[in-house]
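Some notes on the structure that comes next.
The values are calculated or read from the model by the stated rules, or taken from the named source; none is laboratory data. Everything numeric in this text was worked out from a predicted model, so none of it was measured. FYI the Cβ positions are ideal-geometry reconstructions off the backbone, even for glycines, and counts take in every protein chain you see.
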Amino acid sequence: MRNLKEAYGDWALITGASSGIGEVFSRKLAAAGMNVVLVARRKERLDKIAKELIDEHNIHARVVCADLSDENETKGVVSAVDDLEIGLLVNNAGILNTGNFLDSNLEDEIRLIDTNCKSYIILTHGLGNKMKERNKGALIFLASLTAVSAISRWANYAASKGFDLQFAEAIDAELKDFNIDVMALCPGLTHTELVKISKFNNPMTMDAEVVVDIALKKLGKTNLVVPGVVNKINFFSTRLNARFMNTKIFSAVVKSTQELELKK
């Protein structure tokens, strides 16, 4: 793996840093010698992680407690790091709502879009412009295997991840001349709190550490990363199917696996 600090600078900012993939990114980047800004809602959890990273790796860590479903709080994150040169942004925070869309709470669905999409836009615009001025930096967007298909019971979530994937690919095209590496990371099921909430259980679920290791190894080499051989096959095979077939297949898998989990 390349020297991330040398490639991108001293500071990385990670959203959703209190657990799952975001926490693993925070630990891996700190181990690589980068100072980290940890962003999430749970201050006590962030403070604990920050102290561990400082003690273990002798780096600096800043905690920014924010609810990224709130536009003003997201903009506040940009202001809170105005004195730092953020060289690597990991847009990782996410919400998953499961169940039929019309049976769900509308405010919960709006919060999902604000977190999964709007926060990525605000942070990318606020921090990406400074990277562009320095002609140096990296942006990682947590998309998903679900980004390639509509999925009933995960309608809003899958749509939001499709947005993240296409947004990342477009930003990559725009920033190629400015020495900024952009990646859309599309993991399949990963051992995180999000999967627990989804009531989705599958023996092919990957460890978050493996997902992050693959992402950091590939950063700067490709703009699209799908960790895991089976996930790659599923991801790219959707290009051979009619869209309605992809929806049918993905939706059936989600429905059957959730029903099996609920019966346990």
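Tabulated results
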read-out: Hey, D103 closer than 30 Å to V254 by Cα and either free of Cβ contacts under 8 Å to residues at least 24 places away in the same chain or in contact with a helix residue (DSSP H, G or I) (Cβ under 7 Å, 6 or more places away or on another chain) (or both) or not; value: yes
read-out: Subset of region 24-51 (residues that are without any contact (Cβ under 8 Å) to a residue 24 or more places away in the chain and in contact with a strand residue (DSSP E or B) (Cβ under 9 Å, 6 or more places away or on another chain)); value: K43, D47, A50, K51
read-out: In region 211-225, residue farthest from A138 (Cα to Cα) [restricted to those that are touching a residue at least 60 places away in the same chain (Cβ under 8 Å) and either among the small types (G, A, S) or surrounded by fewer than 16 Cβ atoms within 10 Å (Cβ to Cβ) (or both)]; value: D213
read-out: Some residue of region 144-163 being in a strand (DSSP E or B), buried (at least 23 other Cβ atoms within 10 Å of the Cβ) and in contact with a Gly (Cβ under 7 Å, 6 or more places away or on another chain); value: no
read-out: Any chance G76 is closer than 22 Å to I110 by Cα and touching a strand residue (DSSP E or B) at 6+ places or on another chain (Cβ under 9 Å); value: yes
read-out: Condition check for I21: without any contact (Cβ under 8 Å) to a residue 40 or more places away in the chain and among the β-branched types (V, I, T); value: no
read-out: Criterion: of a type in the set (G, A, S), at pLDDT 85 or above and surrounded by 13 or more Cβ atoms within 10 Å (Cβ to Cβ) - qualifying residue of A173, A208; value: A208
read-out: Residue that is surrounded by the most Cβ atoms within 10 Å (Cβ to Cβ), among those in region 239-249 that are modelled with pLDDT under 70 and assigned to a loop (DSSP other than H, G, I, E, B); value: N241
read-out: Any chance K218 is more than 14 Å from T98 (Cα to Cα), of a type outside the set (D, E), in contact with a strand residue (DSSP E or B) (Cβ under 8 Å, 6 or more places away or on another chain) and at pLDDT 75 or above; value: yes
read-out: Listing of helices (runs of 4 or more DSSP H) fully contained in region 1-116 that carry 1 or more residues being crowded, with 21+ Cβ neighbours inside 10 Å and in contact with a Cys (Cβ under 9 Å, 6 or more places away or on another chain); value: 43-57
read-out: Region 86-116: number of residues that are among the acidic types (D, E) and closer than 27 Å to A208 by Cα; value: 3
